[in-house]
Every structure is written in C-alpha cells, then in structure tokens.
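Everything below concerns the one structure shown next.
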Amino acid sequence: MAEVILHIYDVTNSGSDKTNNTIVHINKIFKDRIGLGGIFHSAIQVYGDDEWSFGFCEQGSGVFCCPSRKNPLYTYREFMVLGRTNSSIFKVNQILRELSREWPGTSYDLLSKNCNHFCDELCERLGVQKLPGWVNRFANTGDAAIEMAENTALRFKQAKTEIVSASKVAYRFLVGVTSGSTGGDNPPRNSNSGSPRFQSAWFKNLITAGAKPSNSSEIETQEGDVVLQHQRQQNSAHTLQQTCHNSERPLRQSSHQLEQTLRHNSL
C-alpha cells in the first residue's frame with residue numbers, strides 16, 4: 001500500500017504580476033475565508049517523488065510529471081493525503097500508461113476536462129477519495145451555467161412554438177365563430193358581455209393589436225435575449241479557456257521520457 005497525496009497550486013503563470021496577485025487574493029478570499037474554492041492546479045503523487053497531472057499541448061499526451069511540489073509554472077499552496085491505494089507500483093504504472101493514451105493534450109478543456117478532472121479520474125482508479133469539491137468548484141459552476149443557458153434557450157424555442165400554434169388555432173376558431181354569428185337570425189341581446197360576437201371580436205382585436213400569431217416579435221425578442229446571453233457566456237468561457245491553455249500547458253515530455261520515468265519509479 002502507498003499514500004496518495006494531492007498537491008495544490010495557485011495558478012500564477014499569467015505573465016502579469018498584477019493578474020497573479022489578483023488570483024492569489026481571490027483564492028485566499030473564496031477558499032480560505034469563505035470555503036467556496038478558487039483557481040487551482042492539482043497533481044497526484046503516488047509511489048516515488050514525482051507528481052502527475054494533465055494539461056494542454058498540441059501533440060501527444062497531456063499527462064506529465066515533475067518533482068512533487070516543484071512545478072515551476074505555479075505557486076505551491078498545500079497538500080493533503082487522500083488515502084492509501086491497494087494497487088501495486090506495477091499496477092499504478094499501468095494505470096498511468098492507460099491515462100496517458102486516453103488523455104491527449106488536445107482534449108484539454110478548462111470547464112470539462114482540466115487537471116482537476118484528471119486527478120479525480122486517477123484517484124478513482126487508485127481506489128481513494130476524489131478531490132475536495134472546492135478544488136474544482138469554479139470550473140464546475142461555469143460548466144453548469146453554460147448548460148443551464150442552453151436548456152433555457154431550448155425551452156424558450158419550444159414555448160414559442162407552442163404559443164404560436166395555440167394562438168393560430170384560437171384565432172381561426174374565433175374568426176369562425178364571428179362569421180357564424182354574423183350570418184345568424186338570432187336577435188342581439190341587451191348585454192354584450194356574454195355575446196359570442198362581442199367576445200370573438202374583442203379577442204380578434206386583441207390578437208390583431210399585438211398577439212396575432214404572425215406578429216410574434218415580442219416572443220422572438222425574448223428568445224433572442226436568452227440566446228444572446230447564452231452566446232456571450234460561451235464566448236467568455238471560450239476566451240477564458242484559450243487564455244488558460246498556456247496556464248495548463250504541461251512540462252513537455254515525450255512518450256519515451258514518460259516511459260523512462262515509470263520504469264525509474266518501478267526500481
């Protein structure tokens with residue numbers, strides 16, 4: 001059995017001291033004071049002195065290793081023991097080889113497939129607890145917000161279709177009632193409040209004024225606002241993801257170098 005250790009870093013490799021200091025400040029407030037989370041890089045150490053993580057690269061595997069607590073791209077923050085694995089060192093090396101094939105660098109996604117997701121997957125295969133929720137909460141929240149916006153836009157489209165269809169049916173029905181009552185021989189009643197002719201004419205005027213199915217600009221405007229908001233969220237997430245590609249770029253290692261590291265750990 002061997003301890004499985006989680007190493008956590010503040011993401012401070014933006015190239016701007018002001019941005020880096022802002023990230024550290026955000027992490028202190030949202031994690032240390034409030035307990036919600038922050039912007040973190042994570043890595044897993046098991047058997048040996050190296051830690052394993054995942055990041056973006058244009059070719060090859062995104063899985064990489066470096067000496068524990070010494071990733072030069074970030075500022076080291078803290079560590080915690082997640083448990084002890086029953087897997088032998090040979091089994092762990094097999095798991096790391098499998099993950100290096102399954103996690104190419106081009107598959108990196110800031111919100112749905114980042115270093116924290118990789119560490120969760122590795123911990124699951126090692127049979128220990130996953131990362132605490134606060135480590136990756138910001139990414140999970142952003143992903144949920146985009147999904148909610150997509151669902152809202154879809155529901156708005158469905159509602160628009162149903163409303164327009166119902167309005168058309170009601171309009172045609174009332175036009176028919178109006179035509180029928182016009183050609184009838186029954187004398188008018190004293191009160192118009194209950195007259196089919198009055199009711200259909202009133203509803204017909206209402207539709208003509210602003211609710212006629214062919215004039216659904218208000219619905220389209222509301223739908224457009226939701227879709228525009230969804231697009232803005234997607235654009236923001238895309239911009240942030242492009243910015244963080246370099247932030248999560250692994251220390252470039254060839255497959256041969258990875259294999260040498262795994263063999264060294266086995267000795």
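The table that follows gives values for the structure above.
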| read-out | value |
| --- | --- |
| Number of positions in the stretch 57-83 that are open to solvent by less than 30 Å² (accessible area, probe 1.4 Å) and in a loop (DSSP other than H, G, I, E, B) | 5 |
| Residue match in the stretch 91-103 (condition: on the phi < 0 side of the Ramachandran plot, hydroxyl-bearing (S, T, Y) and surrounded by fewer than 20 Cβ atoms within 10 Å (Cβ to Cβ)) | no |
| Among (1) over 29 Å from T19 (Cβ atoms); (2) buried (at least 21 other Cβ atoms within 10 Å of the Cβ); (3) among the small types (G, A, S) - the single one S87 does not satisfy | (2) |
| Count of residues meeting criterion [of a type outside the set (S, T, N, Q) and part of a strand (DSSP E or B)] in the stretch 13-46 | 4 |
| Residue within the stretch 68-91 that is in contact with a Cys (Cβ under 7 Å, 6 or more places away or on another chain) and touching a residue at least 24 places away in the same chain (Cβ under 8 Å) present | yes |
| Hits in the stretch 55-99 - residues which are farther than 15 Å from I44 by Cα and of a type in the set (S, T, N, Q) | Q59, S61, T75, N86, S88, Q94 |
| D120 being under 22 Å from Y9 (Cα atoms), without any contact (Cβ under 8 Å) to a residue 24 or more places away in the chain and either open to solvent by less than 60 Å² (accessible area, probe 1.4 Å) or in contact with a Ser or Thr (Cβ under 7 Å, 6 or more places away or on another chain) (or both) | yes |
| Candidates E51, E58, E78, E102, filtered to the one that is among the acidic types (D, E) and in contact with a His (Cβ under 7 Å, 6 or more places away or on another chain) | E51 |
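The values are calculated or read from the model by the stated rules, or taken from the named source; none is laboratory data. The structure presented is a predicted model; accordingly, all values stated were derived computationally and were not measured. Every residue, glycine among them, receives a Cβ derived from its backbone with ideal geometry; neighbour counts consider all protein chains shown. Just the protein is used for accessible areas: all its heavy atoms, side chains included, with ligands, DNA and RNA removed. Shrake-Rupley method; radii C 1.70, N 1.55, O 1.52, S 1.80 Å.
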